[in-house]
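Readers should treat all values here as calculations from the given coordinates under stated rules, not as data from a laboratory. As the structure is a prediction and not an experimental result, all values here were calculated from the model. Please note: Cβ atoms are built from the backbone with ideal geometry, for glycine as well, and neighbour counts cover all protein chains shown.
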Amino acid sequence: DAGVIQSPRHEVTEMGQEVTLRCKPISGHDYLFWYRQTMMRGLELLIYFNNNVPIDDSGMPEDRFSAKMPNASFSTLKIQPSEPRDSAVYFCASSTNRGGNQPQHFGDGTRLSIL
Amino acid sequence: DAKTTQPNSMESNEEEPVHLPCNHSTISGTDYIHWYRQLPSQGPEYVIHGLTSNVNNRMASLAIAEDRKSSTLILHRATLRDAAVYYCILVTDKLIFGTGTRLQVFP
């Protein structure tokens, strides 16, 4: 079975540029989560969706970050304009349930470097 | 969200059992206990979860204290591929990652 697929795996860009990260969840999973991992702050939940609708975006750091889920098989996380402090590994995960009785399945992440 | 406490690091020799402890004294009745691990340069990987009873799967066993204020992840025979950061997380609706336990496995 195909797992969660993220692209690109690596992205290097200059500050001020728009960055778009992509995620394809596991088919049939109703929940999609975006996380960010840095050395300083560890793994943080940014936002999650249920049935393509954003439910909790309290972890989104600021207005430069936006996320969409136009359909059940695709989500984007966009940063505009990007800044060096946005450099991190961004993970997408999906699940059949928001609650505690189901696991989340993670992609391999996108390593983002903003110069 | 209730918090967990784990040792920063642990060591094991290959083919020996490993017991990774986790304290969660403020756990609520609806919190599930989840364990994930993260290998270098990879995303977190689900290991096991439980609510009240001990659980076994092909990867590990989860032993939950009777008062649910602590739990232990058991790797029955450590391999070099088990070297990772192991996260113990209490889950009601969201995963809140702590700093985890870095497990080193020596040949």
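Tell me, what HN-Hα J-couplings in whole Hz come from the Karplus equation 6.51 cos²θ - 1.76 cosθ + 1.60 at θ = phi - 60° for each residue of the stretch B:46-60, using x for Gly and Pro?
Per residue, the Karplus-derived 3J(HN,Hα) values read 4, 10, 6, 8, x, 10, 10, 8, 5, 10, 10, 9, 5, 8, 6 Hz.
From the gyration tensor of the Cα coordinates in the protein assembly as shown, what semi-axes in whole Å does the equivalent ellipsoid have, largest first, with each one equal to sqrt(5λ)?
For the protein assembly as shown, the ellipsoid semi-axes come out as 31, 20, 16 Å.
How crowded by other chains is A:95-105, given as the mean number of beta carbons from other chains within 10 Å of each beta carbon?
6
Under a Cβ-only charge scheme (Lys and Arg +1, Asp and Glu -1), can you give me the dipole magnitude of the protein assembly as shown about the Cα centre, in debye to the nearest 20?
Dipole of the protein assembly as shown, to the nearest 20 debye: 140 debye.
Tell me, what ³J(HN,Hα) does each residue in the stretch B:90-98 have, in order and in whole Hz, if you take phi through Karplus 6.51 cos²θ - 1.76 cosθ + 1.60 with θ = phi - 60° and put x for Gly and Pro?
8, 10, 9, 9, 9, 8, 10, 7, x
What average number of partner chain Cβ atoms lie no more than 10 Å from the Cβ of the residues making up A:33-45?
The mean count of partner-chain Cβ atoms within 10 Å per residue comes to 3.
What is the order of A:Val53, A:Val19, fewest Cβ neighbours within 10 Å to most?
A:Val53, A:Val19
In terms of the ratio Rg/(2.2 N^0.38 Å) built on C-alpha atoms, what value belongs to chain B?
Output field value: 1.00.
Picking from A:Gly99, A:Gly16, A:Leu45, whose Cα lies most toward the positive end of the charge dipole for chain A (charges on Cβ: Lys, Arg +1; Asp, Glu -1)?
Of A:Gly99, A:Gly16, A:Leu45, it is A:Gly99.
Under a 5 Å amide H to amide H cut-off, with H placed in plane at 1.01 Å, what residues pair with B:Val47 once short-range neighbours are removed?
B:Trp35, B:Tyr36, B:Arg37
Provide, in order from the shortest bin, the percent of all Cα-Cα pairs of chain A in each 10 Å bin, continuing until the bin that contains the maximum pair distance.
Bin by bin from 0 Å, the calculated values are 15, 50, 29, 5, 0.
From the phi angles alone, apply the Karplus equation (6.51, -1.76, 1.60; θ = phi - 60°) to the stretch A:21-32 and give each ³J(HN,Hα) in whole Hz, x where the residue is Gly or Pro.
Result, rounded to whole Hz: 9, 10, 8, 10, x, 5, 4, x, 7, 8, 10, 10.
Which residue, A:Gly99, A:Gly28, A:Gly59, has the most motion in a Gaussian network model of chain A that connects Cα atoms within less than 10 Å?
Among A:Gly99, A:Gly28, A:Gly59, the largest mean-square fluctuation in the Gaussian network model of chain A belongs to A:Gly99.
Could you tell me the distance between the Cα centroids of the stretch B:1-63 and the stretch A:3-20, to the nearest Å?
Using only Cα atoms, the two centres lie 31 Å from each other.
Treating the beta-carbon of each Lys and Arg as +1 and of each Asp and Glu as -1, no other charges, what is the dipole magnitude of the stretch B:1-100 about its Cα centre, to the nearest 20 debye?
Dipole about the Cα centre, nearest 20: 160 debye.
Hey, got a sec? Which GluC sites (Glu not before Pro) in the stretch A:15-115 land in a DSSP loop and have at most 16 other Cβ atoms within 10 Å?
In loop regions of the stretch A:15-115 (DSSP not H, G, I, E or B), the sparsely surrounded GluC sites (Glu not before Pro) are A:Glu18, A:Glu62.
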